[in-house]
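Report on one structure; see the data block that follows.
What follows is calculated from the coordinates using simple rules that are stated; it is not laboratory data. The structure presented is a predicted model; accordingly, all values stated were derived computationally and were not measured. Quick reminder, even Gly has a Cβ in these numbers, built from the backbone with ideal geometry, and neighbours come from all protein chains shown.
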Amino acid sequence: MIDLTNPDEQCLVQLYAERICMAKSAGERDFLTGKLAHAYEVIRMAERLTDLAPDLDASAREIIWRGACLHDIGRPLQWKDGAFHRELDHGKLGAAYFSKRFPGETTIASVIEWHNRMPSDADPPAARPYLDFVRDADMLANLKHNADDIPYLYDRLKGISSTRLEIDGEFYAAARAKRPILYKNIKNESILTIVACGLAWQYNLRTPAAEKLRKKEFLFTSYRDRVIAELIDLLDGSDAEKKAVKQELASLFSDEVLGEKE
């Protein structure tokens, strides 16, 4: 439920609505409407995570909620004259836009700016207690959304990514080492690479609340099963190749590895 009396939601919806109305193509419009819906999915996921973290006080919950709401406020600003500029950092764009609307709100601005970066010692100290919740909410919301409709995800990606049965080597390196994927090392952004990378997000989760939730709801197990059952057969490759990829994904992310089933 959208509440336009809330200043943060007002800021979010106003920018997205303006840019959706100005969109120069169906692709731009679909991207923006999808990202606006995603913002509310992340809000709901953040609320679920904070419910599983009873030690958080009211102030921390509010900052996490606001960070979740506004984390992708920079996405519309990546579009210029009908073209999407992936090279523009939507975290930085969003933080700058937010700071003009809410001067002095440095903690929220830092959460927005840093939410799309790998956790590191460089994280701003004031934002660090909240960043992990927003990052985890973002990942789990994406994972759940994608798992709910793998064929739609395929249709959305097939126009911009290879449909070949190929996975980038960085995915395999990360999966075998049980570590987060280093996206800067990915060279082959095939559909299978993009979708399979979601499985490795389990190594990115930082909060105990996210671990509790994913194990309670078998989030990564469900995602793995749907990728294997619903995506692989849509891709270009022989039956033998498809069988081999299914077996490899099932092995790299077995029930034992995922740890969601007792």
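Over the chain, what relative contact order in percent results from Cα pairs under 8 Å that are six or more residues apart?
16 percent
Take the alpha carbon atoms of region 118-157, find their radius of gyration, then divide it by 2.2 N^0.38 Å using N residues; give the quotient.
1.61
Grab the DSSP H runs of the chain that are 4 residues or longer, score each as -39,500 (n - 2.57), total them, divide by all residues and round the 222 nm result to the nearest 500 deg cm²/dmol.
-18500 deg cm²/dmol
Whose amide H sits under 5 Å from the amide H of Asp236, counting only residues 5 or more places off or on another chain, with H placed in the peptide plane?
Those qualifying (amide H under 5 Å, at least 5 residues apart or on another chain) are Arg164, Leu165.
Describe numerically, in nm with one decimal, the distance between label points set 7 Å from Cα along Cα→Cβ at Phe218 and at Ala244.
Computed distance between label sites Phe218 and Ala244 equals 3.0 nm.
Please report, largest first and rounded to whole Å, the three semi-axes of the ellipsoid equivalent to region 105-208, where each semi-axis is the square root of five times an eigenvalue of the C-alpha gyration tensor. Don't skip to the end; give the middle numbers.
Working: eigenvalues 149, 51, 31 Å².
Gyration-tensor ellipsoid for region 105-208: 27, 16, 12 Å.
Hey, for a label at Ala17 modelled as a point 7 Å past Cα toward Cβ, could you say which residues of region 85-99 have their backbone N under 19 Å away?
Residues 98 qualify, since their backbone N sits under 19 Å from the label point.
Near Lys242, which lysines are there with a Cα under 18 Å away, not counting those fewer than 8 places off in the same chain?
Partners within reach: Lys158.
Using Cα-Cα distances under 8 Å and only pairs 6 or more residues apart, what relative contact order does region 1-135 have, in percent? Don't skip to the answer; put the middle values down first.
Numbers: 151 pairs, mean separation 31.2, N = 135.
With pairs under 8 Å counted, the relative contact order is 23 percent.
Return the subset of Lys92/Lys216; Lys92/Lys243; Lys35/Lys187; Lys187/Lys243 for which the Cα-Cα distance in this structure is over 32 Å, preserving the input order.
Numbers: Lys92/Lys216 34 Å; Lys92/Lys243 42 Å; Lys35/Lys187 25 Å; Lys187/Lys243 24 Å.
Correct reply: Lys92/Lys216; Lys92/Lys243.
What is region 169-235 by shape, rounded, prolate or oblate, if you read a ≥ b ≥ c off the alpha carbon gyration tensor as root eigenvalues and call it rounded for a/c under 1.5, prolate for a/b larger than b/c, and oblate otherwise?
Note, shape of region 169-235 comes out oblate.
For the chain, what D do you get in µm² per second when you plug the Kirkwood radius from alpha-carbon pairs into Stokes-Einstein at 20 °C and 1.002 mPa s?
111 µm²/s
Using DSSP to call loops (not H, G, I, E or B), can you name the trypsin sites (Lys or Arg not before Pro) in region 1-104 whose Cβ has at most 13 other Cβ atoms within 10 angstrom?
Lys24, Arg86
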